[in-house]
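S.K.: To start, I am sharing the structure in question, which I have written as structure tokens.
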Amino acid sequence: MKQIKDLASLLISFLLSVPVFAQSYSTQPVPFIQVKITDQFWSTRLKAHANATLETCIAQTQDSTERINNFIKAAGLMDGGHEGIYFDDSDVYKAMEGIAYSLINNPNPEHEALLDRWISYIAKAQQPDGYLNTFYTLNHPEDRWTDMEKHEMYCGGHMIEAAVAHHKATGKTTFLNVATKFADHLINTFGPGKKHWVAGHEEIELALVKLYHETGDKKYLNLSYWLLEERGHGHGKGAIWDKSHWGAAYCQDDVPVAEISDIKGHAVRAMYLFSGMADVAAEKDLPEYVAALERVWEDVVERNMYITGGIGSSGSNEGFSNDYDLPNKEAYCETCASIGMVLWNNRMNLFSQDAKYIDVMERSMYNGVLSGVSLEGDLFFYVNPLESEGHHHRQEWFGCACCPSNVSRFLPSVGSYIYATSDEKGVFVNLYVGSTAEMKVGTTKLELVQHTNYPWDGNIEMEVQPEKEASFSLNLRIPGWCKVFSLSLNGKKQKVTVQDNGYVTLDRSWKKGDKLSLIFDMPVEVVAADPRVEANVGKRAIQRGPLVYCVEESDQANLNWDKIELSKTSTLKTAKASGKLAGMLEIEGKTGDTNFTLIPYFAWDNREEGRMKVWIDYKE
Ligand code: FUB
Ligand code: ZN
């Protein structure tokens with residue numbers, strides 16, 4: 001145990017002292033390995049993750065399904081063919097990424113040994129030329145790299161991400177060696193003068209950039225760029241392209257990526273593509289990619305996003321339909337797509353230092369993503385509707401289990417979204433999360449400590465602890481939802497203005513013990529949708545701070561469900577929740593003689609089953 005702790009502190013000092021390979025976003029995220037989360041809100045979620053989410057993923061991949069056995073078989077250690085879906089390998093890799101991340105802040109020798117064991121199967125399942133995919137190796141070895149929909153690069157990308165995570169967490173190279181061998185196989189197979197390829201499900205692009213960062217070898221970055229440039233030129237072949245109702249747009253292969261302007265197709269694929277484009281653009285300075293991402297961002301956020309930050313309203317393509325087509329009961333809003341929104345929006349902020357991207361990221365994170373996992377961490381939503389007749393419940397696992405395994409890797413990395421830094425621009429405080437973080441600005445090492453009960457209230461006390469007195473800018477994000485705030489420095493109220501990018505900048509010489517106090521007014525807000533969203537005409541939703549609220553039937557004792565309505569005269573006040581929701585704030589509403597209770601949307605379906613809705617009838 002102690003050894004792993006020592007390893008973690010060693011890694012932190014390593015990360016703080018060695019320049020990271022040429023990453024050229026204009027700010028760099030402070031990785032979660034340097035951030036210790038201490039607040040009530042996220043600590044509870046992380047505990048549930050470590051105790052239940054990981055165990056569920058391990059039990060499901062290893063014991064209840066054939067996922068690990070597929071590797072054992074491909075390694076030649078067991079007889080039999082591949083069982084399950086052709087991209088089931090990816091769930092193993094995502095679970096491994098989550099386990100590896102979790103090791104950093106929750107050392108667990110059993111989990112480390114489990115990873116060693118799984119890695120040994122994976123390494124044996126890898127073919128001599130570096131190819132790795134249990135579906136093809138076991139069932140169709142002669143058909144590999146023939147159908148671009150079949151997720152070979154998707155699985156490979158998740159393998160690379162898991163291997164990089166494992167290397168960071170343990171310093172071991174066993175998995176990273178598999179990843180580089182696979183990526184070298186890709187380089188030998190694809191590229192100018194070799195085979196064309198359009199990955200039917202994006203993921204490999206951002207993974208190759210991670211591999212480049214981990215190894216310093218630019219060939220991986222170049223392959224990622226080449227793969228992006230393959231899109232939109234008619235090279236796509238396979239099941240997606242053969243289905244007339246899907247076609248190239250389903251996997252973002254209808255136009256060259258630099259020409260993208262409208263959001264189309266499968267939501268998760270689009271988010272991973274945009275994240276990969278951002279990573280490559282940051283390294284290679286591609287303004288045309290950034291312009292495309294800004295255009296499509298507007299289309300996603302202004303015309304195709306739910307109030308929960310969820311995206312991809314349609315189940316038939318697991319993706320986007322028409323602008324403003326945002327039904328509530330039928331909303332698909334896959335958990336993975338919300339995770340994708342976090343990945344992409346964070347990157348957009350790293351380019352621009354514009355807080356509007358963090359506003360969206362925060363919305364998706366606190367609502368669309370967190371609803372995907374039960375409070376205990378053991379049950380998952382794949383689909384996250386905004387209204388339910390009472391029959392939609394979280395499940396322990398799914399045939400297609402992309403969402404639970406994605407949650408398993410997302411939660412332990414949440415600390416990476418709090419801060420970003422740059423030597424020139426200083427420190428950016430993007431999220432308000434009780435935590436202690438170590439970072440470096442120029443030559444200054446510093447610790448930032450946040451004490452807060454956010455998102456339940458908007459009070460944040462922050463300690464700035466530079467190793468020695470130093471001048472740098474501290475940029476505080478003023479959340480888009482916040483209309484009134486105050487800021488004090490060492491007990492003195494500050495007169496500050498919010499810049500166009502949504503931050504307040506304090507540019508001064510900081511010394512140990514400097515204290516900031518931020519108070520965001522966090523009133524209950526009644527929100528109307530864009531009138532073009534048919535489903536929400538005559539309705540309103542309630543949000544407070546970053547949290548969207550909903551009514552759940554089990555709270556409305558003796559109340560006619562259809563009688564719940566809001567009006568101009570409704571009163572809405574916060575109250576302490578109890579039972580399973582203890583520690584949270586609910587909202588007590590009253591319209592005329594009718595009293596009703598709202599709970600945070602992310603927490604619905606954790607108690608008795610019943611109906612739920614976010615958008616509530618509104619009487620003018
Ligand atoms: O295809 C792999 C994953 O499974 C996608 O990202 C999800 O939408 C689900 O279809
Ligand atoms: Zn999913």
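S.K.: Among the listed pairs LYS124/LYS237; LYS172/LYS511; LYS172/LYS218; LYS219/LYS243; LYS284/LYS440, which are separated by more than 28 Å between their Cα atoms?
M.R.: LYS124/LYS237; LYS172/LYS511; LYS219/LYS243
S.K.: All other residues with a Cβ under 14 Å from the Cβ of GLN494 taken together, and with Lys, Arg as +1 and Asp, Glu as -1, what is their net charge?
M.R.: My count for the surroundings of GLN494 gives +3.
S.K.: Could you sort 118-130, 328-340 so that the peptide with the highest average Cβ count within 10 Å comes first and the rest follow in order?
M.R.: Highest-to-lowest ranking by the protection proxy: 328-340, 118-130.
S.K.: In square angstrom, what is the accessible area per residue of the chain with a 1.4 angstrom probe?
M.R.: Here the residues of the chain average 37 Å² of exposed surface.
S.K.: Given Cβ point charges of +1 (Lys, Arg) and -1 (Asp, Glu) and nothing else, what value in debye, to the nearest 20, does the dipole of the chain about its Cα centre take?
M.R.: The calculation lands at about 1800 debye.
S.K.: Further question: What is the distance, in nm, between label points placed 7 Å from the Cα along the Cα-to-Cβ direction at ASP285 and at ASP262?
M.R.: Placing both labels 7 Å along Cα→Cβ, they lie 3.5 nm apart.
S.K.: Heavy atoms only, 1.4 Å probe, whole protein assembly: order ASP514, ASP285, ASP521, ASP593 by accessible area, highest first.
M.R.: ASP593, ASP285, ASP521, ASP514
S.K.: Separate question: Could you give the length gained on full extension between ASN177 and THR571, defined as 0.36 nm per residue of separation minus the Cα-Cα distance, in nm?
M.R.: 135.8 nm
S.K.: Now a separate question. Suppose a student asked you for the relative contact order of region 420-520, using Cα pairs under 8 Å spaced at least 6 residues apart; what percent would you report?
M.R.: 29 percent
S.K.: Another question, if that's okay. If VAL164, VAL290 are ordered by their accessible area, calculated over protein heavy atoms with a 1.4 Å probe, which sequence runs from highest to lowest?
M.R.: Highest to lowest solvent-accessible surface, that is VAL290, VAL164.
S.K.: Additional query: Over region 73-226, what is the mean sequence separation of C-alpha contacts under 8 Å (at least six apart), divided by residue count, expressed as relative contact order in percent?
M.R.: Computed value for region 73-226: 26 percent relative contact order.
S.K.: Can you order the peptides 431-440, 542-551 by their average number of other Cβ atoms within 10 Å per residue, highest first?
M.R.: Result, highest mean Cβ count within 10 Å first: 542-551, 431-440.
S.K.: Please report, as a whole percent, how much of the solvent-accessible surface of the chain comes from carbon and sulfur atoms (probe radius 1.4 Å).
M.R.: 50 percent
S.K.: Please give the contour-minus-distance gain from GLU424 to THR189: 0.36 nm per residue of separation, less the Cα-Cα distance, rounded to one decimal in nm.
M.R.: 80.5 nm
S.K.: Over the Cα atoms of region 420-520, compute the convex hull volume and normalise it per residue, giving Å³.
M.R.: Spread over its residues, the Cα hull of region 420-520 gives 91 Å³ apiece.
S.K.: Out of THR173, ILE519, GLY265, whose Cα points farthest toward the positive end of the dipole of the chain (charges: +1 Lys, Arg; -1 Asp, Glu; placed on Cβ)?
M.R.: ILE519
S.K.: If I model a spin label at THR38 and HIS391 as a point 7 Å from the Cα along the Cα→Cβ vector, what separation in nanometres do I get?
M.R.: 4.9 nm
S.K.: Let me ask another. Please find the FRET efficiency linking GLU620 to GLU110, where r is the Cβ-Cβ separation and R0 is fixed at 60 Å, and quote it to the nearest 0.05.
M.R.: About 0.50, to the nearest 0.05.
S.K.: A further question on this structure: Using protein chains only and a probe of 1.4 angstrom, how many square angstrom of VAL498 are accessible, to the nearest 10?
M.R.: 70 Å²
S.K.: Evaluate E = 1/(1 + (r/R0)^6) for ASP217 and ASN490, where r is the Cβ-Cβ distance and R0 equals 41 Å; express this FRET efficiency to the nearest 0.05.
M.R.: Given R0 = 41 Å and the Cβ-Cβ separation, E is 0.30.
S.K.: With all protein chains present and a 1.4 Å probe, how do PHE351, PHE381 order by accessible area, largest first?
M.R.: PHE351, PHE381
S.K.: Ok, one more. Quick check of the Kirkwood formula: for the chain, what is the inverse mean of 1/r over all pairs of different Cα atoms, in Å?
M.R.: Across the chain, the inverse of the average 1/r is 25.0 Å.
S.K.: Next up: Note down the relative contact order for region 211-331 as a percent, whole number, built from C-alpha pairs under 8 angstrom at least six residues apart.
M.R.: 20 percent
The values are calculated or read from the model by the stated rules, or taken from the named source; none is laboratory data. Only a predicted model underlies this, so the values are computations on that prediction, with no experimental measurement involved. No Cβ is skipped: glycine too gets one built from the backbone with ideal geometry, and neighbour counts run over all protein chains shown. Protein only, heavy atoms only, side chains kept; ligands, DNA and RNA dropped before computing areas. Shrake-Rupley method; radii C 1.70, N 1.55, O 1.52, S 1.80 Å.
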